[in-house]
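The values are calculated or read from the model by the stated rules, or taken from the named source; none is laboratory data. Nothing here was measured: the structure is a model prediction, and the numbers come from that model. So basically every Cβ, Gly included, is an ideal-geometry build from the backbone, and we count neighbours across all protein chains shown. What goes into the accessible areas is simple: the full protein's heavy atoms, side chains included, and nothing from ligands, DNA or RNA. Shrake-Rupley method; radii C 1.70, N 1.55, O 1.52, S 1.80 Å.
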Amino acid sequence: MPFCEICSEVLESDSDMRTHLLLSHLENEMSCPFCSLSGVSYDDLHFHICTAHKETDSQHSVVPSATGNARRSSAVTEITITSAKGTSEYSPAVRKKRVTQASSEASGHHALCLKNGATASNAGTALTQGATSREEASRTAVAAPSRTKKPLRHAPNFLGRQAQEEPSKHHKSKQQHLSSKKGHKFTCPMCTLVCADCFILQEHVELHLQDQAECEGVQKYECPLCSVTCVDSSSLQEHVELHLEYGPTASEGDSCRDLRLARKLQEEEEQKRKAEGSRQEAEDFKQLQRQFGLDNGGGYRRQMERSLERAVSQGRLTPADFHRKRVEMMESLASGMDDGRTQTTGLLAVVYEFYQREACAGTHVWLCADTDHYSTSAGDRGWGCGYRNFQMLLSSLQRMEQYNTALNTLRGSIPSIPQVQALIEAAWAEGVDPQGASHFSGRLQGTRAWIGATEIYAVLTAHQVRARIFDFHQPTGPSGTHPKLFEWVKNYFSLPSSRGSRLPPRVVKTTLPPIYLQHQGHSRSIVGVEQRRNGSMCLLLLDPGSSPAEMRKLLTQNAASASITHMRKFPGHLKHRQYQMVLVEGLLSPEEKQIRILNSKTLHAERIP
């Protein structure tokens, strides 16, 4: 509950306090601004000033009124405070204290009057005291302007003429306007203070504004995570640490949302990448299927028919020839035997005679047994090299008596490519090389699938022919060459002829079958090896890619030299990273065949070196 600081009376509310101040103190007490006279009515105070302070009143043009008296009382109080402290600094704290004290004294000295019947001695005493107070006020007023920051706007009559000439015309008009409101009460718009003088209220409001400006001039630190403002950096640091330690804020919530969005975008990008990878993988797989003939695009028969149709459309084949060739193809496929159109026989005999006649001194040549050459046809071009090399190998084995029993079902005939596919499927059915069978899904007939060393091994094992696979898995010479492969082939062909005591002849024709040579994308047959005087070697190869017309040139004596050159392959010509060989070494007993079938579940080639 509020209480009066003047009389210590306790009141019910602020409105009661304002009424109490107005009635009990403001209207009852008035004092002379020039002497210590107080406690008189307004009329008595007016008479006192006119008689005891007439000279001072005429000099300063004092117009005694309730408002003016309050202004003079405030000025005297302000000058007294300044003289008592012995300083003229007009700091905000002193200014605020002066205005507060002036407001309090103005509240207690609203009506200034002299009581009727005042004696001359009292007037003289008042005059003497007033002169003393006037001299002190004059000295203080002379010193004040040089030390204060600005004139006292509520006491212009006590600062000398210089202070009186400073207010502008606008300020004088405002003083006249405000002085015209006699007896009006002024309430502070920013607090509960009630003033009887507008100048006191103005000073009071200015203090409010000055305090507010000082507060606004302080540097503030805003929290980066919320809207809190701190007065110093240490408080801001503690506040942010609380954010990080206790619970998420709005900013952290935004960060979490951004993180979830980033993860979502990353997941979508990952799914898109996986989908693109799956699509590319499927496309590559289809391309590999087409390349290796596993795209259900038809086999030997279908490719041959398309080739004949293109020949007719291009004018290279008449419709009559088309039907004739198609009938011949159907008859060959029905019999299961090769039609022999791509076969070239008698090559090894011609090669042997060539080296006997043309070989240089110091050159040694080792040749395999007689072997026929089989070229790829229009029906298997691009994928039939493995089948054609098997036909070459089979043509050599059929000439050897030891293999007649094993190959009695194929005696005297070479199977066609579709029939070779059927033989490989039959070998898979017996259990040979189950991994290879699963790679082709157990089916070769009607496809253009490539075959390799393992399929040749499977069909030979199924017919009780002993076969071995050798793997030259990496280069053994400079620039990716395989000199050890050449040395190994030379040892294979030359070993039987070197067992005698006599020196072997320069050209040796052995009874060994050719070697099936496989590398990435193609296969050929090794039918001999040539070693020259300086020790360099070259292999003699039969390539299914060579046309029948080209191979038949070898049969003529004039073109034999060029054909032999075409067969020669030096180490610089064989630079694939890996090579595999299928070597035939005799027959298998039924027991050995079953062991081979069981071991073929994990079929591995013999690595050299």
- Query: Taking only protein heavy atoms and a 1.4 Å probe, what accessible area per residue, in Å², does segment 529-609 have with all protein chains in place?
  - Reply: 55
- Item | Set Lys509/Lys569; Lys490/Lys575; Lys490/Lys593; Lys286/Lys575 screened for pairs whose C-alpha atoms are more than 27 Å apart | Lys490/Lys593; Lys286/Lys575
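Please compute the net charge surrounding Leu539, taking Lys and Arg as +1 and Asp and Glu as -1 over other residues with Cβ under 10 Å from its Cβ. Don't skip to the answer; put the middle values down first.
Values: positive: Lys490, Arg524, Arg568, Lys569; negative: Glu530.
Net of charged neighbours comes to +3.
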- Cβ-based net charge around Leu517, under 11 Å, with every Lys or Arg adding one and every Asp or Glu removing one: +1
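Which peptide among 368-376, 578-586, 231-239, 468-476 comes first, and what is the full order, when sorted by highest mean count of other Cβ atoms within 10 Å?
Details: 368-376: 22.9, 578-586: 18.4, 231-239: 12.6, 468-476: 16.8.
Listed from highest to lowest mean packing, they are 368-376, 578-586, 468-476, 231-239.
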- Task: Return, ordered by residue number, the residues of segment 462-476 whose backbone nitrogen is under 16 Å from a label point located 7 Å along Cα→Cβ of Lys575.
- Result: 475-476
- Query: What number comes out for the charge environment of Ser396, summing +1 per Lys or Arg and -1 per Asp or Glu over other residues with Cβ under 9 Å away?
  - Reply: -1
- Arranged from highest to lowest average of other beta-carbon atoms within 10 Å per residue, in what order do the peptides 349-360, 439-450, 301-312 appear? 439-450, 301-312, 349-360
- Which percent of the accessible heavy-atom area of segment 307-371 goes to carbon and sulfur, probe 1.4 angstrom? 52
- For segment 318-349 and segment 474-550, compute the distance between their C-alpha centroids and round to whole Å. 31
- Looks like segment 459-521, by Cα gyration tensor root eigenvalues a ≥ b ≥ c and the a/c under 1.5 rounded cutoff (else prolate when a/b is bigger than b/c, oblate otherwise), is oblate
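Can you order the peptides 507-516, 266-275, 523-532 by their average number of other Cβ atoms within 10 Å per residue, highest first? Don't jump to the answer; show the numbers that get you there.
Working: 507-516: 21.2, 266-275: 10.0, 523-532: 23.1.
For the peptides 507-516, 266-275, 523-532, the packing ranking is 523-532, 507-516, 266-275.
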